[in-house]
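One structure is given below, encoded as structure tokens.
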Amino acid sequence: MRPPPPKKVPQGRLNLAQDASCGRRPRPNQPSSTIKQIGPPALHKVNMKLGIQYLITAAAGVIALASSAISAMAADAPFGPGNPFYAPSTLPFQAPPFDKIHDSDYQPAIEAGMAEQMKEIRAIADNPDQPTFENTIVAMEKSGQLLNRVTEVFGAVTSANTNPDLQKVEQTETPKLAAHNDAIYLDEKLYRRVEAIYQQRAALNLDPESLRLVEFCYREFVHAGANLSEAHKHELKKLNQEISTLENDFKNKLLAATRAAAYTTTDKSKLAGLSEVQLGAAAETAKTRKQQGWVLALQNTTQQPLLADLNDRATRQALFEDSWNRAERGGPNDTRATIIRLVQLRADKAKLLGFPNFAAWKLEDQMAKTPEAALRFMDALVPASTANAAGEAKDIQELMNGGEVEPWDWDFYSKQVRKAKYDIEDAQVRPYFEVNNVLQNGVFYAANELYGITFQERKDIPVYQPDVRVFEVMDVDGKPLALFYCDYFKRDNKNGGAWMSNLVDQSKLLGTLPVIYNVANFSKPAPGQPALISFTDATTMFHEFGHALHGMFADTKYPSLSGTSVARDFVEFPSQFNEHWATYPEIFNHYAKHYETGAPMPAELVAKLVNAKTFNQGYALTELLAAAELDMQWHTQTPGTHIENSDVFEKEALTRTHLSISYVPPRYRSSYFSHIWSTGYAAGYYAYLWSEMLDDDAYQWFLDHGGMTRANGDRFRRMVLSRGNTEDLAAMYKAWLGSEPTVTPMLKERGLSPTSQPN
């Protein structure tokens with residue numbers, strides 16, 4: 001059936017300075033809060049005639065009503081034709097009418113959407129006719145269109161342009177959406193109809209996509225707990241509501257904590273080493289916050305990009321510690337108690353569903369299948385990655401004038417090592433990566449060369465924030481294919497990281513074309529300055545657009561199987577694969593041009609950039625493995641395990657996995673690891689590395705078959721990008737590649753020894 005509205009997630013290839021991300025639909029009982037990750041990353045007023053109490057009863061859960069202020073807000077905005085979500089948008093592609101949407105419109109539409117879908121579901125479950133594919137499975141796919149319409153938009157805005165009013169709505173509606181989700185997946189009558197169709201599926205003569213939908217739908221119900229007793233279902237609903245509330249609390253606490261932890265100074269000398277452009281951006285950030293001096297806003301990762309440039313070691317240490325301790329300062333935005341409680345609740349949920357731990361439940365429907373398989377995959381990479389990191393640390397130590405290498409030294413000195421080894425530094429290459437040029441002459445150009453699609457900017461489509469741009473995407477035959485929004489610059493009210501999601505999903509059944517968006521957090525230049533980004537940021541743009549292509553090329557009948565609605569350890573494959581074109585000579589030479597002169601990057605500088613490709617990969621892979629192993633250690637805890645101190649647990653977990661290395665902190669500390677606590681990657685952060693195996697093998701296939709050709713692109717689009725979840729993903733990949741994937745290309749890409757190849 002069509003899952004409830006998705007979350008979105010900040011995610012992406014794990015060797016980037018800033019994670020990329022993607023979006024897909026949530027698994028059942030994974031509340032669709034505000035990020036599409038399954039949003040999510042990424043990541044979302046009331047029909048008073050129906051009444052709030054009716055909605056609570058229909059959701060089969062006792063939900064505490066929010067504050068009287070929120071209830072009053074809902075009451076003041078009844079749902080009706082005046083609400084912009086009341087009917088499908090009349091704009092091209094049914095794009096959201098952001099110019100007509102007000103904060104007060106969301107809650108009534110969400111409440112009415114839940115009520116409408118519950119009415120639709122009840123009609124299906126109570127249908128006296130024998131269950132059929134059409135009157136049950138297809139009927140469920142058609143349900144919830146109002147709810148999906150509003151939550152897709154709500155997820156986008158609360159992830160990228162939130163405010164206190166929206167956060168209050170989110171806090172109120174998140175547990176209700178979780179209960180609504182449970183009311184569907186734990187409905188006994190509905191499940192028995194689905195089960196009956198599943199049992200007779202072989203005799204129904206269904207086409208392959210319809211058969212896949214039946215099997216998918218049945219597994220979703222079982223995975224969600226449809227086979228539980230009524231008493232256990234009641235217990236599960238309570239767990240899901242508390243989990244969803246805490247996940248939303250974590251997200252909001254972290255957003256506030258990250259803003260508050262920014263490094264601030266009025267002494268310009270402490271910022272020695274920063275360029276005038278960087279100083280201007282820091283001054284502009286201070287100005288927007290109504291502060292004096294300069295503000296270095298934090299990125300979502302542990303290491304901060306400006307650590308590579310700051311000459312003053314005390315400033316570097318202060319900036320690093322601001323990042324490291326952002327959510328561990330006590331007070332209302334400290335997240336440690338929240339994550340410990342989440343671990344307990346998730347373990348209890350797994351036990352209730354018949355699994356030894358949360359990771360075992362979560363990976364049941366993933367490509368890896370079990371946490372043991374994911375751990376074996378990661379564990380086998382640890383020796384090579386840490387050995388390389390140790391060698392890199394030795395190079396840094398030789399440059400330092402005594403003292404131990406600390407985390408805040410790494411980027412500063414590794415930049416010098418890189419300069420010495422490859423005669424290249426970031427300041428040399430930034431002028432060749434102006435954000436609009438990277439988009440138009442890099443990202444879009446590559447898509448045109450591979451797939452023949454074209455792009456036309458639309459100034460007449462309303463947006464949710466002035467920085468957002470909109471492009472219409474035309475297919476090879478000139479027919480409309482999709483609408484694409486991009487929102488690249490950091491704001492204080494935007495979640496960290498980068499991600500992709502949908503505002504409208506593709507579905508032949510519903511007659512809709514995809515409306516896709518990409519979000520990132522690049523530093524916004526001061527007025528009048530060029531938007532120059534790092535090569536890492538440029539690669540992030542290619543990554544996120546890989547997710548966008550997966551959504552744009554969706555060509556399926558059923559929305560539940562469309563686009564990026566695939567397993568977590570497959571969804572990053574198309575995005576990470578698309579990164580490779582950022583360095584493909586034909587593409588690179590088309591967009592890497594000086595922002596002032598238009599001159600292409602000199603050949604000798606290009607050669608240096610390419611030669612430096614595997615530089616620092618020991619550190620890069622080790623910080624990623626540390627985060628991924630931490631995630632799995634948290635989520636393989638058995639029910640009843642009592643964790644008193646998250647910092648102690650983290651230290652012991654890293655020691656146990658041979659990743660407690662003083663100079664290589666995990667990419668995310670547990671207390672600000674939003675991927676696993678609020679954006680859908682719980683027990684799933686390993687997926688980036690698993691997908692990396694797939695994407696590097698895929699790129700090698702392209703190289704072996706002529707490289708970037710339309711024939712190769714069209715074949716990849718037809719056999720993979722357009723298929724969504726309509727086939728078994730492992731079989732789909734093997735059919736396209738012609739063999740099982742191996743890690744050899746991945747190790748080659750990272751410059752690691754093949755002898756470390758995992759089994």
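Toward the positive end of the charge dipole of the range 413-489, with +1 on the Cβ of Lys and Arg and -1 on the Cβ of Asp and Glu, the farthest Cα among Val429, Leu450, Gln416 is that of Gln416. Of the residues Leu621, Ala226, Ala387, the one whose Cα sits farthest toward the positive end of the charge dipole of the chain, with +1 on the Cβ of Lys and Arg and -1 on the Cβ of Asp and Glu, is Ala226.
Legend: distances between Cα atoms for Lys168/Lys524; Lys100/Lys142; Lys253/Lys394; Lys253/Lys349; Lys508/Lys748; pairs beyond 30 Å are Lys253/Lys394; Lys508/Lys748.
Here the accessible area of the range 558-701 is 53 percent carbon and sulfur, with a 1.4 angstrom probe and all protein chains present. Taking the Cα centre of each part, how many Å lie between the range 279-354 and the range 434-489? Each part reduced to its Cα centre gives a spacing of 32 Å. With Cβ to Cβ distances under 15 Å as the rule, what net charge do the other residues near Asn333 carry (K, R +1; D, E -1)? Value of the local net charge: +2. On the accessible surface of the range 160-318, probed at 1.4 Å, how many percent belong to carbon and sulfur atoms? C and S atoms contribute 51 percent here. Normalised by 2.2 N^0.38 Å, where N counts its residues, the alpha-carbon radius of gyration of the range 164-230 equals 1.47. For the range 593-668, the relative contact order comes to 38 percent (Cα pairs under 8 Å, sequence separation of at least 6). This model, with +1 at the C-beta of Lys and Arg and -1 at the C-beta of Asp and Glu, gives the chain a dipole about its Cα centre of some 880 debye. Taken per residue, the accessible surface of the chain reaches 35 Å², heavy atoms only and a 1.4 Å probe.
Here Ser674 sits with roughly 20 square angstrom of accessible surface, probe radius 1.4 Å. Other residues with beta-carbon under 12 Å from the beta-carbon of Ser275 carry, at +1 per Lys or Arg and -1 per Asp or Glu, a net charge of -3.
What a 1.4 Å probe finds exposed on the range 413-553 is 48% carbon and sulfur by accessible area, rounded to a whole percent. Estimated purely from DSSP H runs of n ≥ 4, each contributing -39500 (n - 2.57), the mean residue ellipticity at 222 nm for the chain is -15000 deg cm²/dmol once divided by its residues. The coefficient of translational diffusion for the range 177-279, derived via Stokes-Einstein from the alpha carbon Kirkwood radius under 10 °C and 1.306 mPa s, stands at 88 µm²/s. Scaling against 2.2 N^0.38 Å puts the C-alpha radius of gyration of the range 240-391 at 1.38.
The residue among Thr657, Pro480, Gly273 whose Cα reaches farthest toward the positive pole of the charge dipole of the chain, with charges on the beta-carbon of Lys, Arg, Asp and Glu, is Pro480.
On a per residue basis, the convex hull of the C-alpha atoms belonging to the chain measures out at 152 Å³. Only Lys, Arg, Asp and Glu count, each charged at its Cβ (+1, +1, -1, -1), so figure out the dipole size of the range 514-578 about its Cα centre, rounded to 20 debye. About 140 debye. Is the range 273-321 best put as rounded, prolate or oblate by its Cα gyration tensor, with a ≥ b ≥ c the root eigenvalues, rounded for a/c under 1.5, and otherwise prolate when a/b is larger than b/c, oblate when not? Note, shape of the range 273-321 comes out prolate. Rounded to the nearest 20, the size of the Cβ-charge dipole of the range 90-163 about its Cα centre is 80 debye, with Lys and Arg at +1 and Asp and Glu at -1.
The values are calculated or read from the model by the stated rules, or taken from the named source; none is laboratory data. Because the structure is predicted, anything quoted here is derived from the model rather than measured. Glycine also receives a Cβ, built like all others from the backbone with ideal geometry; neighbour counts cover every protein chain displayed. When the accessible area is computed, the model is the full protein with side chains, heavy atoms only, and any ligands, DNA or RNA have been set aside. Shrake-Rupley method; radii C 1.70, N 1.55, O 1.52, S 1.80 Å.
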